[in-house]
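Take a look at the structure set out below.
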Amino acid sequence: MLNVGDFAVKEENGHFHLIQVLTVSKDFLIKDFWESASAEIGEQEIRTWVKRASIESFNQYSFLKNEPLTEKDEFEIQRFLEIERGLNNRKNRTVSMAALVNNAIQTEEFDKALELLTEWAMLEKYKPEIYLLREACLRKLGRDQEADYERHVYNTITGK
């Protein structure tokens, strides 16, 4: 089992792939290096400062040495985790949008539904039903020219 700070290598067809373990939990966060003709740590170029990978994916790797993580490593780990949290929040928000929009429409809060639909369109701009729902809300609000535009966007996306 690899530990934090461990460098490990896998040789395949004369090329070496090195990683450094940055964190260990149910998976690894690793620093990933480009494959090269050398297994010398000092000669490696970083491909990614932080990448999530399964522990099992390193069963074929051999331990080289352990070096403490640097301040730069710690900084990159924090940045990676912030980005990952943001992506997960976006994914969860996207999943909840249909229910939020439907609730606003059912309670006849069409302005709120439009705000939600605008947000949803920023998350998934090629989802055709967003534009049909925007059209319906705009028509309920008497904004027919804008509704016509939303129908046009829907027709463009779907090829109708």
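Taking into account only those residues within region 1-11 that are outside any strand (DSSP E or B) and modelled with pLDDT of 90 or more, which is surrounded by the fewest Cβ atoms within 10 Å (Cβ to Cβ)?
The qualifying residue surrounded by the fewest Cβ atoms within 10 Å (Cβ to Cβ) is 3.
Consider residue 101 against the criteria (1) surrounded by 15 or more Cβ atoms within 10 Å (Cβ to Cβ); (2) over 23 Å from residue 151 (Cβ atoms); (3) not small (Gly, Ala, Ser): it satisfies all of them except one. Which criterion is unmet?
(2)
This table checks each residue for (1) farther than 23 Å from residue 52 by Cα; (2) over 20 Å from the mean Cα position of the chain (by Cα).
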residue	(1), (2)
70	no, yes
75	no, no
85	no, no
97	yes, no
101	yes, yes
116	yes, yes
121	yes, no
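Return yes or no: is residue 133 modelled with pLDDT of 95 or more, within 25 Å of residue 87 (Cα to Cα) and either in a helix (DSSP H, G or I) or touching a strand residue (DSSP E or B) at 6+ places or on another chain (Cβ under 7 Å) (or both)? Steps first, please.
Working: modelled with pLDDT of 95 or more: yes; within 25 Å of residue 87 (Cα to Cα): no; either in a helix (DSSP H, G or I) or touching a strand residue (DSSP E or B) at 6+ places or on another chain (Cβ under 7 Å) (or both): yes.
When the stated conditions are applied, residue 133 does not pass them.
Applying the selection to region 12-54, what residues are among the charged types (D, E, K, R), loosely packed, with under 14 Cβ neighbours inside 10 Å and part of a loop (DSSP other than H, G, I, E, B)?
26, 27, 40, 45
Select, from 69, 116, 138, 100, the only residue that is assigned to a loop (DSSP other than H, G, I, E, B) and not charged (D, E, K, R). First the steps, then the outcome.
Numbers: 116 fails: assigned to a loop (DSSP other than H, G, I, E, B); 138 fails: assigned to a loop (DSSP other than H, G, I, E, B); 100 fails: assigned to a loop (DSSP other than H, G, I, E, B).
Answer to the check: 69.
The values are calculated or read from the model by the stated rules, or taken from the named source; none is laboratory data. The shown structure was predicted, so the numbers you read here are calculated from the model rather than taken from an experiment. Counting neighbours? That spans all protein chains shown, and the Cβs are built from the backbone with ideal geometry, glycine included.
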